[in-house]
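Below you'll find the structure, written out as structure tokens, and then a few comments.
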Amino acid sequence: MGGVDKAFLKLGGATLIERAIARARPQIDELIINASGDLARFDSLGCETIADRIGGFLGPLAGILSGLDWMRANRSEARWLASFACDCPFFPADMVKRLIAEAQSRDVKIALAASGERHHPVFAVWSAGLLVTAQSVLRGQGLRKMDDFIAGFPNIRVDFPSAPIDPFFNINTPDDLTQAQALMAGSR
């Protein structure tokens, strides 16, 4: 996106991060933002913000593991961590409920969203029973890829309908942003 912070791109009068917060908040008890770089840029959003525990812009897995570490340290009673990406503005409003239900019914530690023929590992729920830390996975095991990490645990993919709009449509380019604007206009 030409060096622009995608979280603050506007779509339909709101930033992508504002849209993600609005879709996620009704699904969860508490929302924290994980990000790299200057965390002060999120101050106006009214959410706790945490940095990756291991620096170096190591990708989404670093964020998930940092969230699990934070949850264990600050919310020891919590059973699940739900994760979302802000650059997918149409993720399902019932995603967390469905993912947790499937994870519990199948007795797995991770449930991730899927649509069409693709899975979306950033859109997932992660059991507090995953006895890993950012340190043990990123430094100890040297893992970086979400799929490699997920493969080490019992998991399930939960399908969400991909029509008329793929709920996990991802905004990575200016053309994607234009397409998302058109999708929003068509769904009104």
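Go through region 153-181 and count every residue that is among the hydrophobic types (A, V, I, L, M, F, W, C) and either on the phi > 0 side of the Ramachandran plot or assigned to a loop (DSSP other than H, G, I, E, B) (or both).
6
The residue that is farthest from G67 (Cα to Cα), among those in region 121-148 that are open to solvent by 20 Å² or more (accessible area, probe 1.4 Å) and assigned to a strand (DSSP E or B), is P121.
Tell me whether region 70-83 contains one or more residues that are under 25 Å from L9 (Cα atoms) and touching a helix residue (DSSP H, G or I) at 6+ places or on another chain (Cβ under 7 Å). Yes - at least one qualifying residue is present in region 70-83. Among the residues here, F90 does not qualify as touching a residue at least 12 places away in the same chain (Cβ under 8 Å) and over 22 Å from I33 (Cβ atoms). The conditions of being of a type in the set (K, R), more than 20 Å from L131 (Cβ to Cβ) and open to solvent by less than 60 Å² (accessible area, probe 1.4 Å) are not met by K97. Cβ separations smaller than 6 Å between residues 6+ apart or across chains give the following pairs from region 33-55 residues that are closer than 14 Å to A7 by Cα to residues that are open to solvent by 60 Å² or more (accessible area, probe 1.4 Å) and of a type outside the set (A, V, I, L, M): S36/F57.
Residues that are aliphatic (A, V, I, L, M) and either within 19 Å of D87 (Cα to Cα) or open to solvent by 30 Å² or more (accessible area, probe 1.4 Å) (or both) within region 149-168 comprise A151, A163, I165, listed in sequence order. Of the residues making up region 100-120, those that are open to solvent by less than 10 Å² (accessible area, probe 1.4 Å) and part of a strand (DSSP E or B) are I110, A111, L112, A113, A114, S115.
The values are calculated or read from the model by the stated rules, or taken from the named source; none is laboratory data. Treat the numbers as computed from the prediction; the structure is a model and nothing was measured. Glycine gets a Cβ as well: all are built from the backbone with ideal geometry, and neighbour counts include every protein chain shown. Note: areas computed on protein heavy atoms with side chains; ligands, DNA, RNA excluded. Shrake-Rupley method; radii C 1.70, N 1.55, O 1.52, S 1.80 Å.
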